[in-house]
Amino acid sequence: MSPRKSMNKVIEANFFPREPELDFSSSGSTPNAFGVDGKRRILIVDNDRDTTRLVKILLERTGRYSVLEENDATKAHQSAQNFRPDLILLDIVMPETDGGEVAAQIQADRELQRTPVIFLTALVTNSEAKAGLRIQGHPFLAKPINIPELINGIEENLGRACSVLGHS
């Protein structure tokens, strides 16, 4: 490995410090409507660890969200069952299991089927995403992710979910 490449890895590792991972493997108690400390729970599923880490940091800095990262699409459904997210951000193109398959698993699960899903994809342009098109009935945002647009999309979809479920 070249010294420059090695240096970049050190900088990245120090720039994005890893926090201890929360264990949601045994749900034990049912979370309240606003998750941990009154924050909305967001599950982000993307095989790109840098993307999930950055989005997690930026969303949690707003003080409104508790974010769980899942970088293995084959474990996404189980993570959703354990974490009980209020919304799922889901990449489409991933190895082994794509986002469409994960969304189908979520929709087939009686406990999760009303959980809003927003697809994240580099397969479309920003103008296509803004046109209100949907993929498998779900809204989507174009990558690279624009954080203010992401937050607007999250809030819009959480609002829809609350009105469907009868919450105010």
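No lab work stands behind these numbers, since they all come straight from the coordinates. In this text, all values refer to a predicted model and were calculated from it rather than measured experimentally. Virtual Cβ from ideal backbone geometry, glycine too; neighbours counted across all protein chains shown.
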Task: Formal net charge of residues neighbouring I147 (Cβ-Cβ distance under 13 Å; K, R +1; D, E -1) - done: +1
- [ ] Quick one: what are the phi-derived ³J(HN,Hα) couplings along the stretch 52-62, Karplus 6.51/-1.76/1.60 with θ = phi - 60°, whole Hz, x for glycine and proline?
- [x] 5, 5, 5, 4, 4, 4, 5, 5, 5, 5, 5
- [ ] May I ask for the equivalent-ellipsoid semi-axes of the stretch 40-165, computed as the square root of five times each C-alpha gyration tensor eigenvalue and listed largest first in whole Å?
- [x] 18, 17, 16
Task: Counting DSSP beta bridges with both ends in the stretch 40-165, the antiparallel % (nearest 5) - done: 5 percent
